[in-house]
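J.: Below are the structure tokens for one structure; questions will follow.
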Amino acid sequence: MNYQDNEGLQEFTDRLDRSHYYLINALCVSAKKYALQLEQLEMHKATSQYVTLCNRLIQEILHFVTIRKEYFVPYLLSLSEKNEDGHDCKNCTGTATCSAQHDLHLAELKQSHKQLKAIIYQVQMAALPLYAETIYPDVYRLLRNHMALIGSSLTDLYTAEEIQLIPKVIEAQRNINARD
């Protein structure tokens, strides 16, 4: 996905929400349905283990996206609003606390990227085919393809956040004097 360097934090956040968080959530919901269909079939032991792995990863990804949408997006929108309004954190009551909260949000975002990289790796492993000599039901291939799409979408999200979002957050924090 192409993002413009001149795109503001709010526009960028809105686009991340619509183009990445929503898409990843929708893919996970579909993958979860396929996993449920596979659970209802009599399965090969390897397929059963695969479904268990996918279900665990899907839950982890849905939790990750929920945290982004409920915790980070509101912070990013608030930061953008403060930036647009010309807010100055030096005038905040408890300036040290204000700066610490901004630093904490950024540190948590960076830490979550370590978690995201681990999830991406696990999803990529889950997207690999199992055994070539075994015939799997069509729904297995659908689940595997969805896991590959989820992995690709997570990689795109990671890149967008790492290359564009974090610098935009740092810039907005500097603009409101929340960091040096």
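J.: Express in whole angstrom the spacing between the alpha-carbon centres of region 133-166 and region 6-74.
T.: Each part's Cα centre sits 9 Å from the other's.
J.: Then there's this: When Cα extents along the principal axes in Å is calculated directly from the model, which label among [x] 66, 30, 20; [y] 54, 37, 32; [z] 60, 59, 35 fits?
T.: Only one listed value fits the structure, namely [x].
J.: Determine, from the Cβ-Cβ distance of ALA26 and LYS117 and an R0 of 22 Å, the FRET efficiency 1/(1 + (r/R0)^6), rounded to the nearest 0.05.
T.: Step by step, r from the Cβ atoms, then E = 0.50.
J.: Expressed as an acute angle from 0 to 90° and rounded to the nearest 10, what is the orientation of the C-alpha long axis of helix 95-126 relative to the principal long axis of the chain?
T.: 20
J.: Multiply the residue gap between LEU77 and THR52 by 0.36 nm, knock off their C-alpha separation, and tell me the result in nm, one decimal place.
T.: Extra length from LEU77 to THR52 when fully extended: 5.4 nm.
J.: What is the angle, in °, between the Cα long axis of helix 166-175 and the longest principal axis of the Cα atoms in the chain? Nearest 10 is fine, range 0 to 90.
T.: So the inclination is approximately 20 degrees.
Where a number appears in this text, it was derived from the coordinates with a stated rule and is not lab data. For clarity, every value in this text was computed on a predicted model and none was experimentally measured. Cβ atoms come from the backbone with ideal geometry, glycine included; neighbour counts cover every protein chain shown.
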